[in-house]
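The values are calculated or read from the model by the stated rules, or taken from the named source; none is laboratory data. Just so it is clear, the structure is predicted and the values come from calculations on it, not from any experiment. Reconstructed Cβ throughout: ideal geometry from the backbone, glycine too, with neighbour counts over all protein chains shown.
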Amino acid sequence: MLSRKNKLLLLKLLSLFSVVRGYNILIIVIAQYLASIFILSPDLQLRKVVFDINLFLIVLASAMVIASGYIINNFYDAEKDLINKPRKSMLDRLVSQRFKLTTYFLLNFLAVFAASYVSFKAVVFFSAYIFGIWFYSHKLKKVPFVGNVVSVTLAIAPFFAVFVYYKNFETVIFVHAIFLFCLMLAREMIKDLENIAGDLAQDYRTIPIIYGARISKIGISILILLTLVPSWLLIKKFEIGSMDYYFKGCVLLLVLFLMLLWRSNTKKDYVWLHNILKFVIIVGVFSILLIDVDLVLNRLLSWKII
């Protein structure tokens with residue numbers, strides 16, 4: 001049996017994990033490595049990618065900056081989250097604001113320190129990334145649509161860091177990026193519909209608050225329709241192996257999403273829609289393995305040889 005002190009410590013660790021959304025960071029780390037192995041450097045041996053110290057430091061720095069970003073976001077949104085996410089907010093409050101801020105500065109310092117081992121350009125990139133997250137949380141979040149666009153841009157920035165590291169500028173990568181950007185932007189706009197109550201209370205100027213839910217749904221619908229363009233291109237024009245099954249499934253699921261969107265009116269409905277898009281994104285991460293099944297098998301075999 002755990003003592004009361006140990007139980008409290010465990011709850012605080014769970015609280016900190018909740019604040020930094022450790023599950024999201026884990027998915028991003030996996031996505032960075034899978035993209036590096038199967039998209040950005042398919043000709044390199046598996047061990048050269050997995051044991052690349054510079055890649056590890058880039059991924060580590062990304063994870064720490066993202067974690068610090070969730071902390072500062074939680075700091076500014078504390079009152080709003082009490083309305084929108086009361087249960088999560090109560091768990092998050094087990095850790096003091098002072099401790100959160102201390103952790104925020106420590107993570108940012110360690111991220112820049114890790115980047116310094118890669119290159120000066122990496123230091124500049126992650127320093128700008130840290131500032132961008134703070135400026136978004138402090139100012140831009142309340143600006144309609146601009147806040148959504150900046151949020152998505154910051155979310156995909158870690159992949160940009162890996163992309164630049166490998167200097168792979170193939171067109172197919174940009175098409176993947178457009179699909180992901182439109183999908184994540186639609187998800188951000190769904191979150192605005194989901195969080196109307198808290199946003200109203202905290203004077204956030206989101207699209208559904210200023211222009212109404214109908215305009216917001218039109219914008220989301222346009223973005224979902226735009227995702228169908230890169231989906232079609234990736235299926236018909238590019239060689240993506242068995243991953244085309246993922247995009248075919250996406251087309252069907254996103255059409256269903258649009259039908260549900262226009263029937264949705266409650267927070268519960270919007271939470272379901274949010275989870276659908278989150279599911280599509282997470283499945284997309286692991287479907288990277290389907291780009292070249294033979295390459296996956298060969299790399300697994302090469303792993304055993306090490």
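Computed values, structure above
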item	result
Selected residue [at pLDDT below 80, assigned to a helix (DSSP H, G or I) and not hydroxyl-bearing (Ser, Thr, Tyr)] from Lys48, Lys88, Lys121, Lys100	Lys88
Subset of the stretch 126-170 (residues that are over 24 Å from Asn195 (Cβ atoms), without any contact (Cβ under 8 Å) to a residue 40 or more places away in the chain and more than 14 Å from the chain's Cα centre (by Cα))	Ser127, Ala128, Phe131, Val164, Lys167, Phe169, Glu170
Filter result (at pLDDT 95 or above and of a type in the set (A, V, I, L, M)) within the stretch 216-251	Ile218, Ile220, Ile222, Leu223, Ile224, Leu225, Leu226
Residue that is assigned by TED's automatic domain parsing to the domain that holds Ser264, part of a helix (DSSP H, G or I), of a type in the set (Val, Ile, Thr) and crowded, with 19+ Cβ neighbours inside 10 Å, where the choices are Ile209, Ile220	Ile220
Pair list, Cβ under 8 Å, 6 or more apart: the stretch 107-120 residue among the hydroxyl-bearing types (Ser, Thr, Tyr), other residue surrounded by 14 or more Cβ atoms within 10 Å (Cβ to Cβ) and assigned to a helix (DSSP H, G or I)	Ser116/Ala122; Ser116/Val123; Tyr117/Leu57
Of all residues making up the stretch 130-188, the number that are assigned to a helix (DSSP H, G or I) and either touching a strand residue (DSSP E or B) at 6+ places or on another chain (Cβ under 7 Å) or among the β-branched types (Val, Ile, Thr) (or both)	15
Residue tally, condition in contact with a Phe, Trp or Tyr (Cβ under 8 Å, 6 or more places away or on another chain) and either modelled with pLDDT of 90 or more or surrounded by 15 or more Cβ atoms within 10 Å (Cβ to Cβ) (or both), over the stretch 133-143	3
From Ile156, Ile196, residue being surrounded by fewer than 18 Cβ atoms within 10 Å (Cβ to Cβ) and not aromatic (Phe, Trp, Tyr)	Ile156
